[in-house]
1. Among the residues of segment 54-76, is any open to solvent by 20 Å² or more (accessible area, probe 1.4 Å), touching a residue at least 60 places away in the same chain (Cβ under 8 Å) and assigned to a helix (DSSP H, G or I)?
2. Among the residues that make up segment 86-94, is at least one of them more than 12 Å from residue 16 (Cβ to Cβ), in contact with a His (Cβ under 6 Å, 6 or more places away or on another chain), open to solvent by less than 40 Å² (accessible area, probe 1.4 Å) and of a type outside the set (Gly, Ala, Ser)?
3. Give me the strands (runs of 3 or more DSSP E) completely within segment 149-254, filtered to those with at least 2 residues that are modelled with pLDDT under 95 and farther than 21 Å from residue 123 by Cβ, ordered by residue number.
4. Does segment 155-174 hold any residues that are open to solvent by less than 10 Å² (accessible area, probe 1.4 Å) and either touching a Ser or Thr at 6+ places or on another chain (Cβ under 9 Å) or within 26 Å of residue 276 (Cα to Cα) (or both), and which are they?
5. Filter segment 67-102 down to the residues that are over 20 Å from the mean Cα position of the chain (by Cα) and either over 21 Å from residue 42 (Cα atoms) or charged (D, E, K, R) (or both) and list them by number.
6. Take segment 1-20 and flag every residue that is more than 20 Å from the chain's Cα centre (by Cα) and open to solvent by 40 Å² or more (accessible area, probe 1.4 Å).
7. What number of residues within segment 193-232 satisfy the criterion of being open to solvent by 20 Å² or more (accessible area, probe 1.4 Å) and closer than 25 Å to residue 334 by Cα?
8. Does residue 100 satisfy the criteria of being on the phi < 0 side of the Ramachandran plot, in a loop (DSSP other than H, G, I, E, B) and crowded, with 24+ Cβ neighbours inside 10 Å?
Amino acid sequence: MNEQLRIGVIGCGYWGPNLIRNFVEIPESNLVAIVDLQDDQLERMQSRFPQIQYAIKDYSELFSLNLDGVVIATPPHTHFALAAECIQKGLGVLIEKPITLDSDDAEELVRLAKEHNQVLMVGHTFEYNPAVRMLKTMIDNGDLGDIYYVDAVRASLGLFQTQANVLWDLAPHDISILRHILGSDPVNVSARGSACVQEGIEDITYTTLTFPGNILAHIRTSWLDPLKTRRVTVVGSKKMVVYDDVESQEKIKVYDKSVTAIRRTDTFGEFHFAYHYGNVVSPYIHFEEPLRLQCKHFLHCIREGETPLTDGVNGMNVVQVLEAATISLKNNGQVVDIKPKQSTIYTNGNGKAVVTA
């Protein structure tokens, strides 16, 4: 049980170095090899982490190194082919988001992982964020009352992409957060956007999701904003919560505020409103780097043969939402229904498994 798991990382570009750092530093991991097509990327990583034994350009060389798992941090269009081959070679796979660019491809990866009895996990890092987990626990425990709506904003100036729009680049984070905290998949989506800088590639999108119970959730994503914003607001019948990931200390603020409509007379439509104003509380959160928790979870699932929190089905269902949103985006905000290909197993704040279709 104390033996280190042998891991390889494919991709040393934008996000790869963060994954490499974590797997080098986690005691249960032995990062054996890194792969990248660029010599300078490999040299930079080996200079920073000289304990890495192999720095190679051909990922197929990984298959002779007796690895336990592989992490794929390459451009999304390469995810399917790489992951499929790694799974078939008997390796557990962690793929950065989105799992694929096509939900049919994602479903095939799910099938392959099941057939070969291998771990398939997607890097929806925010589901491992202690602040997001606290927010989910509050919702599951009924602390906020009935959930009315959720508003999410993920915006900054850049980084502009050339092969994907801002919806596919940034929205997977918030879609995964929403599915996680609400414990269900959305039933439909509507999206509108604009390509301001590059023709045909939207750099600002507004996406509205409807969840079971008629809960509305809105996501604004932008590469073209003067402020870096990473915020989720949840409004309930009892309380309201703001999760601000940019905040260094008070990432969760609970507002003891609510409003109730009370009928004054029996005459139709005559109401008065009772407003409640209480304290604003920022609860203590024992914080650990979400990416570190995600990497540890990957190792645990390989060692114990468990299904990851963010498994292949999770990744596939997020891609289905993105596909439906893309159809809506191309049709001026048309509402598009979503029917997940497979059910997802959620765990509520009390640790109880909840299966949704």
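1. The answer is yes, given that some residue of segment 54-76 is open to solvent by 20 Å² or more (accessible area, probe 1.4 Å), touching a residue at least 60 places away in the same chain (Cβ under 8 Å) and assigned to a helix (DSSP H, G or I).
2. yes
3. none
4. 155, 166, 167, 171, 174
5. 68, 81, 84, 85, 87, 88, 89, 90, 91
6. 1, 2, 3, 4, 6 - these are the residues of segment 1-20 that are more than 20 Å from the chain's Cα centre (by Cα) and open to solvent by 40 Å² or more (accessible area, probe 1.4 Å).
7. So the answer is 22.
8. Yes, satisfied.
The values are calculated or read from the model by the stated rules, or taken from the named source; none is laboratory data. Small disclaimer: the values here were computed from a predicted structure and weren't measured. Here the Cβ is made from the backbone with ideal geometry for all residues, glycine too, and neighbour counts use every protein chain on show. Each accessible area value is taken on the protein alone, full model and side chains, heavy atoms only, with ligands, DNA and RNA left out. Shrake-Rupley method; radii C 1.70, N 1.55, O 1.52, S 1.80 Å.
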